[in-house]
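Below you'll find the structure, written out as structure tokens, and then a few comments.
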Amino acid sequence: MNSIKHVPTRVKSRRTEANLGAEREHFDKQQLSSISKAINSAETPVKEKHARRIILGTHREKGAYTFWSYALGFPLASSSILSWKFCHVLHKVLRDGHRNVLQDCMRHHSSLVEIGQLWSNLHDRYGQLVALYTKLLCTKMEFHVKHSEIPPNLEVTDEVLERTAGTDVNNVFQLTVEVFDYLDAELRLAETVMRQLNTSIAISTLTSGQCRLSPLIQVIQDCSHLYHFTVKLLFKLHACLPADTLQGHRDRFHDQFHSLKTFFNKARDMFYFKRLIQIPKLPDSPPNFLHAASLAKHVKPVVVIPDEDEPEQQEDEDDDPEPLIEVSDSPSIQQSQPQQLDIFDQAFGPPNGGFDDRDLQIESLKRDLELLRAELERVKGEAQRYITQLKSQINSLEAELEEQRAQKQRALVENEQLRMELEATRRRNAEHESVQFTFLEAEQRAQATEQRYNKLKEKHTELVSSHAELLRKSADTVKMLSATQQTQDEVERTKQQLSFEVDRIKQEADMKLEEQKFEMEKLRRELDEKMAEVMRIRATLQSSEKTSEQVSSSMTSLQAEKERLMRSVSEKEAELSSLRQAAQVQQSSLLQERERSSREVGELQGKLQEKSSQEEQLKQKLLEEQFALLQGTITEAENIVQDAVAKLDDPLHVRCTSSPDYLISRAEATLGSIDKVKKGHADYLSNMRDAGGLLRALTQFSHLAADTIINGSATAHMAPTDQADRLTENCRGCATESLQFFKDLKSKTSLQRADPASIRIVVQKILHLGQELRPKGMDVRQDELGDLVDKEMAATSAAIEEAVRRIDEMMNQARKDTSGVKLEVNERILYSCTDLMKAIRMLIIASTDLQKEIVEGGKGAASIQEFYARNSRWTEGLISAAKAVGWGATEMVESADKVVLHTGKYEELIVCSHEIAASTAQLVAASKVKADRNSKKLTSLQQASRHVNEMAANVVASTRTGQEHLEEKDTMDFSGMSLIKLRREEMESQVKLLELESSLENERLRLGELRKKHYELAGVPLEELPEGNGDASLLSHPVTMSPKPSKPAVMRKPALAQKPNVLPKTPLK
């Protein structure tokens, strides 16, 4: 029984807490390194080895806690490329990571949604892709959380899909819609990436293009499965529901089918995808869901990822191989068991206990025997499970050996790359020979340039006529010099590249040797650890050897595996030694190649020195040639300016005239050319080998200056005498200063101090004189007319609102201060004024609407300001009419206030009413000029105008009625007068009548003069005014001596073309 007590309760490998902490620290360090290398802001695709390590880390810790703890620290809101690569890695982790990754990612669902919303609101090319990618990932997580039977990699059988869909047609319908949404999110991302990229091979091979294209590999894998799910579910729906009900589903599937087929075809033609994935081909036409037999023709598209190890180089020193991961679930090994009781004490009781009945002891012994048998079976099962675990570890060791063999293969590939680099170096040497041939061509071109220079020296007298040809030859000389300089720079860069390539190859060879040594030492350490672990396993198995013969046989197999591992390690050491010898041979060949390259570089330097001396000679000839071109151009410019000055005294030029506006445009252009001359002069002084900029500037300046001088003289012919003399004198001064500037440029001694500042001063004087000669009334610039129209209409509306407010205040004040007939008269007048203001407000609104319609219909592709500037007369009419309406409303309020307070006259209110009616008529006429006859808004404007006239008539009527009620008329009683007294009264009445008629005539003349001045200020020519300015009709009525004068005709104010400025109202003296 003592042997039973010592049977082990659990067979397991024990590790100390220190080893577990070190292993966890190494795991965290490796995960942090892989995550930081995979997710960064560089526009390069995510490397497969970094993503693979992150995925293996999720399997090791059975979740994505470590990944999210590091990923949440990235500044995803500051870099769109960083967010794009984060979404790519998260997509890979969801597809290939541990099954618990999905639940860990759902905890950060809201963070993904916020990132997508942030980048969707920004105008960034990667930002739009990130917004679509986050939406896809959120859709993916929500779908797989809802349907947990389907893993995130979508690799399930048709039976699992049928079980997920169930038998309820509503569930099948809902699942189909969700799969449609899932596939739409995938296709939107793929289409956006394809739309941003050019599908040519050159773009798909660049790192920037590959950074966008690399996530599409996972999209292609998802789309193939989702397409298959959609086909299966639609056939199942068509078997349960009528075809008409599913018409929308079929249309949506057809759109997705064509989009998916286009995406697959484009991706299949790209060079980037050809070596990474085999994209399936979809059928030419979508399946016919109306025929159930078409399901048999459906072939599931299969995406194949080639199992090719990429020859990735070890970029960092901490790229250690991945540790072995236990993927088998063995909860029984990791859980602790309670301490087993002493079976001998259970069977026979404590040694000092009392003696029980023998039958009871036999029964107890039988029960204990059954317990012992069950315990023995459990121990055997645990031993079997542990043996299975050991076998899995042995398989992991074999997989590690396979990885070592793969590393050996990669080392061979690297050696092959070194050989290819040597071949590239030899090709560069061949390129050096082509550089020498280029030097010979440059020498021939230099000789040809010298011949051209001799010809140019002979034809120096014909410089003016051959000006354009000389400029072209100068440009050719500059191009040849730049080509020679580029050749020299190319040789220098080639020499530097050769030295850099030799140093880099040597450093890479040393790094490879160090890495191989490190790998060898690491393999030895791992072998020692595995041997120690095997020894511990052997000791443990020896203790359980008595319980099962199967354990002893497994130990024999383990020993054989150990021997095989030892043989594999010895073979690996032999391979490493052969690789070391090959690296030494490579290093010796690289040294020889470096010595040969240094000799060739020395020869090239000697040839470069010879070419440099020839270049100095060419530069000197070029300087002389450029100065000769400059002198020829200056001579021609002097001739042009002198010809312009000669026209000032030409009698035939007296008949020529020009407008001040054209003179201003020429003067402004001349000022601009002066700036170009000054810049070209500075450039020529800094680099005398290139006079092209100065020659072009002088040519333009001479023509513009001559044009300014001629047009200034022509403008002076129409100007007043004083201004004409000053303008002519300034034109001569411009010519004098220009000729002096040309004279300074022609001499090398005075070339440095030549300055066109004095010419600028004279031209500015000409410009100021031209601005003084411009006609008045053009102070408002054309580009401000559009804004001025809106401002005046807004000001008019504000004036109407203020008038209505003041009338309401006057109404309240009149109710407090007056009563009886006066209150009734005042209320009637103020009510009529309020109605008039409301009618004017409606007129302003209708005019604004019609104006917008006119602008929208007539501006075309131009802006609103350009339309107003193009129709400036019409625009000024609108501005004048709007000002007149606003001024009339203000004046009416002032007059009404005076009438209510009995400090004003009723006639003022009547005149203001007529003035408002005339101003509104002017506004309607100005708006009607460019309006469409069939426009509804024009009809509304005309109705508003008629309403304004009616309200103005109401104001006049109410004013006259109130005046009649308030004025007291004396009764004419002549019964007590004698004949002589009546005759005297009649004569006095006639005298008074003549005085009033004379005053009336004088006021009419004054009114006529005021209107003439008004038209003059408004810019209307006097010859366009009607004869007599409307006074003829007034004077046509003869003065009668009758005591009852005839009623004068109603005076009508003629329509005003403009009213930009309203003079303040002055009292009559």
*Out of (1) over 30 Å from LYS47 (Cα atoms); (2) open to solvent by less than 10 Å² (accessible area, probe 1.4 Å); (3) of a type in the set (S, T, N, Q), what's the single condition that is false for THR245?*
(2)
*If GLY712 passes every condition in (1) crowded, with 18+ Cβ neighbours inside 10 Å; (2) in contact (Cβ under 8 Å) with a residue 60 or more places away in the chain but one, which one does it miss?*
(2)
*asked:* Quick check on this structure: which one of SER41, SER33, SER111 is open to solvent by less than 60 Å² (accessible area, probe 1.4 Å) and closer than 28 Å to LEU206 by Cβ?
replied: SER33
*asked:* Consider segment 54-81. How many of its residues are open to solvent by 10 Å² or more (accessible area, probe 1.4 Å) and touching a Phe, Trp or Tyr at 6+ places or on another chain (Cβ under 9 Å)?
replied: 8
*Considering residues of segment 44-59 that are in contact with a helix residue (DSSP H, G or I) (Cβ under 7 Å, 6 or more places away or on another chain) and part of a helix (DSSP H, G or I) only, the residue nearest to ALA131 (Cα to Cα)*: ALA51
*Given the conditions (1) out of contact with any Ser or Thr (no Cβ under 8 Å at 6 or more places or on another chain); (2) open to solvent by 80 Å² or more (accessible area, probe 1.4 Å), which single one is not true for HIS681?*
(2)
*Would you point out the residue of segment 520-530, among those that are out of contact with any Leu (no Cβ under 8 Å at 6 or more places or on another chain) and open to solvent by less than 60 Å² (accessible area, probe 1.4 Å), that is nearest to GLU571 (Cα to Cα)?*
LEU523
*Residues that are open to solvent by less than 90 Å² (accessible area, probe 1.4 Å), part of a loop (DSSP other than H, G, I, E, B) and either modelled with pLDDT of 50 or more or of a type in the set (Phe, Trp, Tyr) (or both), drawn from segment 298-322*: HIS298, LYS300, PRO301, VAL303, ILE305, PRO306
*Check on LEU295, open to solvent by 30 Å² or more (accessible area, probe 1.4 Å), touching a residue at least 60 places away in the same chain (Cβ under 8 Å), touching a Pro at 6+ places or on another chain (Cβ under 9 Å) and under 25 Å from ASP168 (Cα atoms)*: yes
*What residue, of LEU622, LEU618, LEU608, is in a helix (DSSP H, G or I), touching a Lys or Arg at 6+ places or on another chain (Cβ under 6 Å) and at pLDDT below 85?*
LEU622
*asked:* Criterion first (assigned to a helix (DSSP H, G or I), polar (S, T, N, Q) and modelled with pLDDT under 90) does SER69 satisfy it?
replied: yes
_So for segment 546-566 (the condition being more than 22 Å from GLN393 (Cβ to Cβ), surrounded by fewer than 17 Cβ atoms within 10 Å (Cβ to Cβ) and modelled with pLDDT of 70 or more), does at least one residue qualify?_
no
_Quick check on my filter: what residues within segment 375-387 are closer than 19 Å to ARG536 by Cβ and free of Cβ contacts under 8 Å to residues at least 60 places away in the same chain?_
ARG385
*Tell me which residues, restricted to segment 566-584, are among the aliphatic types (A, V, I, L, M) and over 55 Å from the mean Cα position of the chain (by Cα).*
MET566, VAL569, ALA574
*Hey, can you tell me all the residues within segment 743-765 that are part of a helix (DSSP H, G or I) and either open to solvent by 10 Å² or more (accessible area, probe 1.4 Å) or at pLDDT 90 or above (or both)?*
LYS743, ASP744, LYS746, ALA757, SER758, ILE759, ARG760, ILE761, VAL762, VAL763, GLN764, LYS765
*Return only the number of the condition from (1) more than 43 Å from the chain's Cα centre (by Cα); (2) at pLDDT 75 or above that LYS937 does not satisfy.*
(1)
*For segment 184-199, does any single residue satisfy the condition of being of a type in the set (Asp, Glu), more than 20 Å from ALA64 (Cα to Cα) and open to solvent by 40 Å² or more (accessible area, probe 1.4 Å)?*
yes
*asked:* Can you tell me which residue is farthest from the chain's Cα centre (by Cα) among those in segment 384-414 that are over 30 Å from ARG580 (Cβ atoms) and open to solvent by 60 Å² or more (accessible area, probe 1.4 Å)?
replied: GLN384
*Starting from segment 422-442, keep only residues that are among the hydrophobic types (A, V, I, L, M, F, W, C), then list their pairs with residues that are exposed (fewer than 12 other Cβ atoms within 10 Å of the Cβ) and in a helix (DSSP H, G or I) whose Cβ atoms are within a distance under 9 Å, requiring at least 6 positions of separation or different chains.*
PHE439/GLU610
*Checklist (1) part of a helix (DSSP H, G or I); (2) more than 19 Å from GLN771 (Cβ to Cβ) applied to ASN711, failing item*: (2)
_Test: residue in segment 7-14 that is open to solvent by 50 Å² or more (accessible area, probe 1.4 Å), in a helix (DSSP H, G or I), modelled with pLDDT under 90 and closer than 27 Å to GLN389 by Cβ_ = no
*Quick check: anything in segment 206-223 of a type in the set (S, T, N, Q), open to solvent by 10 Å² or more (accessible area, probe 1.4 Å) and in contact with a Phe, Trp or Tyr (Cβ under 8 Å, 6 or more places away or on another chain)?*
yes
*Would you mention how many residues in segment 965-1018 are at pLDDT 80 or above and of a type in the set (Lys, Arg)?*
3
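The values are calculated or read from the model by the stated rules, or taken from the named source; none is laboratory data. All values derive from a computational prediction rather than experimental measurement. Positions of Cβ are generated from backbone atoms using ideal geometry, with glycine treated the same way; all protein chains shown enter the neighbour counts. Accessible surface areas use protein heavy atoms only, side chains included; no ligands, DNA or RNA. Shrake-Rupley method; radii C 1.70, N 1.55, O 1.52, S 1.80 Å.
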